[in-house]
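Notes to accompany the following structure.
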Amino acid sequence: MDTLLLLKAALMGIVEGLTEFLPISSTGHLILAGTLLDMHDDKGKVFDIAIQTGAIFAVILVYWQRLRDTVVQLPSQAKAQRFAANVAVAFLPAVVLGLLFGKAIKANLFTPSVVASTFIIGGLIILWAERRQARSETAPRILSVDQMTGLDALKVGLVQCLALVPGTSRSGATIIGGMFMGLSRQVATEFSFYLAIPTLIGAGAYSLYKERGLLSLADLPQFAVGLLFAFISAWLCIRWLLRFVASHSFTGFAWYRIAFGLLILLTAQQGWVVWAD
């Protein structure tokens, strides 16, 4: 068993768990971390997607009661049926566009230069969204996930498709997009968590199946360690984020994105870090 490889897997898991649900792009951070840790080959890309499942287990644990109640009540309760339908409707656009364009996007856009650019652009959009909401005299239209309509869910799902471009941030796109559409910050964040469950489990299962020829039983310890550390760090991050959004904006994350993007561009231009394309 390669101890160094397991250590790298643990570090990648921590990066995934801490960044998956924050509006700062887990994919972008994994691409950059994978470059620094020399885990950016084809197997490394499969590993990046697979360990997202560990973060999703954390969401399921935090929202277990709501998810359990929905499953139990689904045959008879309109509220549960509407909630499940909204998640399904929001999930579908990413499935369709991912299947159509996913291969081309991975071949051409999974590079540090693209990640840096989208970090900066995304940060500017978050600043705009927060300033817009701060100046608005109108209260958010939707104050509970159960108030969302099918059209609201579809709009959030379409915005989530922007995250197919690495560095955009799936959670950032859905949260900020939801805020633009009238969802409160708390509702947009909560719905982003629920939407992550089918999105990331589906992406992980599809990637593992499609690239199964690259994997063997010898890779199991590496993947298990990555999943475990992604789960632990994501669980801690989710609990913190739910408290944070109750009384804070995402402005700090926006400045972080801009600064980090500029740092990547600077280190690449000066040759201080050789970012792999």
Counting helices only, and only those DSSP H runs with n ≥ 4, report the 222 nm mean residue ellipticity of the chain as the sum of -39,500 (n - 2.57) divided by its residues, in deg cm²/dmol to the nearest 500.
-> -25000 deg cm²/dmol
Among the lysines, which fall within straight-line cross-link reach of residue 210, defined as a Cα-Cα distance under 22 Å, with same-chain neighbours fewer than 8 residues apart omitted?
-> 43, 45, 103, 106
Paramagnetic reach from residue 73 in the stretch 85-115 [backbone N under 18 Å; point 7 Å along Cα→Cβ] = 85-88
Where the only charges are on Cβ atoms (+1 Lys, Arg; -1 Asp, Glu), what is the dipole of the chain about its Cα centre, to the nearest 20 debye?
-> 680 debye
What angle do you read, to the nearest 10 degrees and between 0 and 90, between the alpha-carbon axis of helix 64-73 and the longest principal axis of the chain?
-> 60 degrees
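Please identify every one of the chymotrypsin sites (Phe, Trp or Tyr not before Pro) in the stretch 179-277 that sits in a loop by DSSP and has no more than 10 other beta carbons within 10 Å of its own beta carbon. The partial results should precede the final answer.
Working: sites: 180, 191, 193, 194, 206, 209, 223, 229, 231, 235, 240, 244, 250, 253, 255, 256, 260, 272, 275; in loops: 250, 272, 275.
Passing both the DSSP loop test and the Cβ count: 272.
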Tilt, helix 170-180 to longest principal axis of the chain (alpha-carbon atoms), in degrees rounded to tens, equals 30 degrees
Quick calc, the stretch 48-176, dipole around Cα centre from Cβ unit charges on Lys, Arg (+) and Asp, Glu (-), nearest 20 debye, gives 100 debye
With DSSP loop assignment and no more than 14 other C-beta atoms within 10 Å, the GluC sites (Glu not before Pro) in the stretch 126-206 are 137
Among 229, 27, 151, whose Cα lies farthest out toward the positive end of the dipole of the chain, if unit charges sit on the beta carbon of Lys, Arg (+1) and Asp, Glu (-1)?
-> 151
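Each reported figure results from applying straightforward, stated rules to the coordinates on display, with no laboratory input. Bear in mind the structure is a predicted one, so any value in this text is a computation, not a measurement. All Cβ positions, even for glycine, are placed from backbone atoms using ideal geometry, and neighbour counts span all protein chains on display.
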